[in-house]
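Engineer: Questions regarding the structure given below will be posed in turn.
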């Protein structure tokens, strides 16, 4: 990824096609601040062509009408293609968004493989038709594909989030228009090559790199039946507003400000080792990051010292260097945002325990040191607002009830964790905090369980049977009395 990668066409309806406009997207390396790629910027006319192709492919039944076993065969080949090219995908993503390459291999690329694989497992077990005894007679309840899907994915985990939408949508029989972020369009061209080689029929998938205006046109398009969006709360609210005009179904996976609660009986060393990777994961550019760490006041000083040392030991550098643990942020605006929040936290009364500025060794690039803010209260903006950078807050608490209250006192409700010597005690905490996912003495995201958030963290779920159902509509067929019983 050291040379400029250029694509002159768009993937519309399964074929590479000249764009309708002349505008391009320049991809800039967050490490060198130089242009590393260039692709067409999709326009409204490109959206019209893509939705028309998707609509035609869906209505014709070329994909939705195929037996499930055949759809599974094609999607399995897509999954295998992603696996075969996972190193290439990981490098492309790291070069575009600054994600450390070691993390990109495991989470960006192999994580996407796990998403494809898990969706295949779910597809095999879903009951597509179910007979029920109704009040007035027998019923047949069918699950049918939702139709044409607009899938909008962010720049922080582009292949993982694309897989979270594409895998269940395609297996359900939907046709999809995928819109990658303008910060990370290059890996989507690798995906286009993979799905073409896998034999996905023409018209079923289009990929349109573009900015917000084109994305808004896509989610409001009359030919779209379902919108699946991952991004910020502000953008998610706008997506919901636009989709509501046509009552288009939506799934929204939005932000988070998740809390890791360390109980007094926890092993402090184990808690630090477990929390640090989930707090500063992907340079802090992760909606599930544990960015609020709640420490019992009696052990606060010890934990502050341990977390500060761990943050200071993280290796900062070139995202393509296998030794790097913290890379640059995706754009200058994100670097400035993190530094502004660090300054704001200090004005609010927080203390910088580690990091706090630009790494001295990095002369170029949008870098921010892994930063730990101490003496934070939950009323401070740094504790309430999603920073989306390598900034973690350490908050003291006195009682278990107070810890639960602080963890729950947030506009978000996406993730969280608890660390304790007593798993059952931790499970009790997990049941009490209102978040969509929670971990006890670990941090995990399992693709066979539903993932999503409470409150401002979103609407609906991805992964598992619940996520698969988001790409299906339910139909009830009423049958005559006695049908199927030998009486009629």
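Engineer: Quick one: which strands (runs of 3 or more DSSP E) lie wholly within region 1-84 and hold at least 1 residues that are surrounded by fewer than 20 Cβ atoms within 10 Å (Cβ to Cβ)?
Structural biologist: Filter on region 1-84 gives 15-17, 24-28, 35-40.
Engineer: When you check residue 186 against the structure, is it over 21 Å from residue 99 (Cβ atoms), surrounded by 24 or more Cβ atoms within 10 Å (Cβ to Cβ), touching a strand residue (DSSP E or B) at 6+ places or on another chain (Cβ under 6 Å) and not assigned by TED's automatic domain parsing to the domain that holds residue 287, yes or no?
Structural biologist: Values: over 21 Å from residue 99 (Cβ atoms): no; surrounded by 24 or more Cβ atoms within 10 Å (Cβ to Cβ): yes; touching a strand residue (DSSP E or B) at 6+ places or on another chain (Cβ under 6 Å): yes; not assigned by TED's automatic domain parsing to the domain that holds residue 287: yes.
When the stated conditions are applied, residue 186 does not pass them.
Engineer: As an exercise: evaluate residue 334 against (1) in contact (Cβ under 8 Å) with a residue 60 or more places away in the chain; (2) assigned to a helix (DSSP H, G or I) and give the number of the one condition it does not meet.
Structural biologist: Going through the list (1) in contact (Cβ under 8 Å) with a residue 60 or more places away in the chain; (2) assigned to a helix (DSSP H, G or I), residue 334 breaks only (1).
Engineer: Looking at region 118-149 only, could you name the residues that are assigned to a helix (DSSP H, G or I) and free of Cβ contacts under 8 Å to residues at least 60 places away in the same chain?
Structural biologist: 120, 124
Engineer: From the residues in region 349-359 that are assigned to a loop (DSSP other than H, G, I, E, B) and touching a residue at least 40 places away in the same chain (Cβ under 8 Å), which one is surrounded by the most Cβ atoms within 10 Å (Cβ to Cβ)?
Structural biologist: Restricting attention to region 349-359, the residues satisfying the condition of being assigned to a loop (DSSP other than H, G, I, E, B) are 349-350, 355-359.
In the following step, the residues that additionally are touching a residue at least 40 places away in the same chain (Cβ under 8 Å) were identified as 350, 355, 359.
Numbers: 350: 23, 355: 25, 359: 16.
Step by step, filter region 349-359, then rank; the result is 355.
Engineer: Can you name the residue in region 208-217 that is surrounded by fewer than 24 Cβ atoms within 10 Å (Cβ to Cβ) and touching a helix residue (DSSP H, G or I) at 6+ places or on another chain (Cβ under 8 Å) and, of all such residues, is nearest to residue 52 (Cα to Cα)?
Structural biologist: 217
Engineer: Determine which member of the set 362, 346, 325 is without any contact (Cβ under 8 Å) to a residue 40 or more places away in the chain and either closer than 26 Å to residue 303 by Cβ or surrounded by fewer than 18 Cβ atoms within 10 Å (Cβ to Cβ) (or both). Give the steps one after another, and end with the answer.
Structural biologist: Details: 362 fails: without any contact (Cβ under 8 Å) to a residue 40 or more places away in the chain; 325 fails: without any contact (Cβ under 8 Å) to a residue 40 or more places away in the chain.
It is 346.
Engineer: Looking for something touching a residue at least 40 places away in the same chain (Cβ under 8 Å) and touching a strand residue (DSSP E or B) at 6+ places or on another chain (Cβ under 6 Å) - is there at least one such residue anywhere in region 62-83?
Structural biologist: yes
Engineer: In addition: If you check 153, 141, which single one turns out to be on the phi < 0 side of the Ramachandran plot, crowded, with 22+ Cβ neighbours inside 10 Å and in the same structural domain as residue 185 (by TED's automatic domain parsing)?
Structural biologist: That would be 153, the only listed residue that is on the phi < 0 side of the Ramachandran plot, crowded, with 22+ Cβ neighbours inside 10 Å and in the same structural domain as residue 185 (by TED's automatic domain parsing).
Engineer: Mind telling me which of the residues 199, 236 ends up being within 14 Å of the chain's Cα centre (by Cα) and modelled with pLDDT of 95 or more?
Structural biologist: Just one listed residue meets the conditions, 236.
The values are calculated or read from the model by the stated rules, or taken from the named source; none is laboratory data. Just so it is clear, the structure is predicted and the values come from calculations on it, not from any experiment. Glycine gets a Cβ as well: all are built from the backbone with ideal geometry, and neighbour counts include every protein chain shown.
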